[in-house]
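S.K.: The structure's right below; bear with me while I get my questions together.
The values are calculated or read from the model by the stated rules, or taken from the named source; none is laboratory data. As the structure is a prediction and not an experimental result, all values here were calculated from the model. All Cβ positions, glycine included, derive from the backbone under ideal geometry; neighbour counts span all protein chains shown. Only protein heavy atoms, including side chains, enter the accessible area calculation; ligands, DNA and RNA are left aside. Shrake-Rupley method; radii C 1.70, N 1.55, O 1.52, S 1.80 Å.
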Amino acid sequence: MGNLHSKITNGEYSIEIKETRVGRLAALNKGGERTLTETEHKELQELLSEYQDIILKLWDAYNEEDDKYLSTWRMGKIYKEEVREDEHREMDILTPLLPFVDSKENRASYLYQRFYEVFPDKKWDKKDAPMTIAELAQKVGPEEARRIYDENIRDANTSITRDEIRAWDDIQKETDDPTLEQLVEKAVGRVRNPDAKNIKNIYRLLGRNDFPSDQKIAAALQEAQ
């Protein structure tokens, strides 16, 4: 399919769910300037037809739950149990076109599944966004993500962000016991306008609660920026 995935995220293509006399159908909607070749358009239509049932189940999972955690969990369960391993590439093409998915989130299907795998028991705390926990699971796997969540994050009186997780991932690849200066360097590279809260959250992800003072953090941030 070549460049199909990247091209559809740059166009105004989307999947819409239509009620027809023969039942619900997932249909391809195209607006704006055409970016696909005729062959690519046909391939996309064929994919849409092949995965109609899964798309409709995802639509139901999204719409039947007012709780974003439950809807994400249900969609993750569908991706986990109903999409074969050799089908994930095709679903990765279709997922950004779904009406409830950010078109720029080209890993959405994988992240939904990761969230489900971290919490098969549905025992999450609602202060941390589902895609944030999924990001953690992407870095270390679902089981380790659950351990880190339960031990270091669940009881914290603050929520973590995906950028903090990325900074933590950068630093822990180099050392388990970074200096404040090393940690701040990674935070500055990942977090927009980092502050003491961001730095403390990265320490939490490392399993550390012996935070430097806010004054020391502020000084290190000022030095690094």
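S.K.: Among the listed residues Leu56, Leu36, identify the single one that is over 26 Å from the mean Cα position of the chain (by Cα) and either in contact (Cβ under 8 Å) with a residue 24 or more places away in the chain or open to solvent by 30 Å² or more (accessible area, probe 1.4 Å) (or both). Quick ask: steps written out before the conclusion?
M.R.: Values: Leu56 fails: over 26 Å from the mean Cα position of the chain (by Cα).
Answer to the selection: Leu36.
S.K.: Also, quick follow-up: Please indicate, with yes or no, whether at least one residue in segment 158-170 is surrounded by fewer than 15 Cβ atoms within 10 Å (Cβ to Cβ) and over 19 Å from Lys216 (Cβ atoms).
M.R.: Here is the first cut: in segment 158-170, the residues surrounded by fewer than 15 Cβ atoms within 10 Å (Cβ to Cβ) are 158.
If we keep only those that are over 19 Å from Lys216 (Cβ atoms) as well, we get none.
Checked segment 158-170: no residue is surrounded by fewer than 15 Cβ atoms within 10 Å (Cβ to Cβ) and over 19 Å from Lys216 (Cβ atoms).
S.K.: Within segment 76-88, is there a residue that is under 12 Å from the mean Cα position of the chain (by Cα) and open to solvent by less than 30 Å² (accessible area, probe 1.4 Å)? It would help to see each step written out before you state the result.
M.R.: Within segment 76-88, the subset under 12 Å from the mean Cα position of the chain (by Cα) is 76.
Filter again for open to solvent by less than 30 Å² (accessible area, probe 1.4 Å), leaving 76.
Yes, segment 76-88 has at least one match.
S.K.: Out of Glu40, Glu12, report the one residue that is of a type in the set (D, E, K, R), at pLDDT below 80 and touching a Lys or Arg at 6+ places or on another chain (Cβ under 9 Å).
M.R.: Numbers: Glu40 fails: at pLDDT below 80.
Result: Glu12 is the single residue among Glu40, Glu12 that is of a type in the set (D, E, K, R), at pLDDT below 80 and touching a Lys or Arg at 6+ places or on another chain (Cβ under 9 Å).
S.K.: Take Glu143 and decide whether it is surrounded by fewer than 14 Cβ atoms within 10 Å (Cβ to Cβ) and outside the structural domain of Tyr13 (by the TED database).
M.R.: yes
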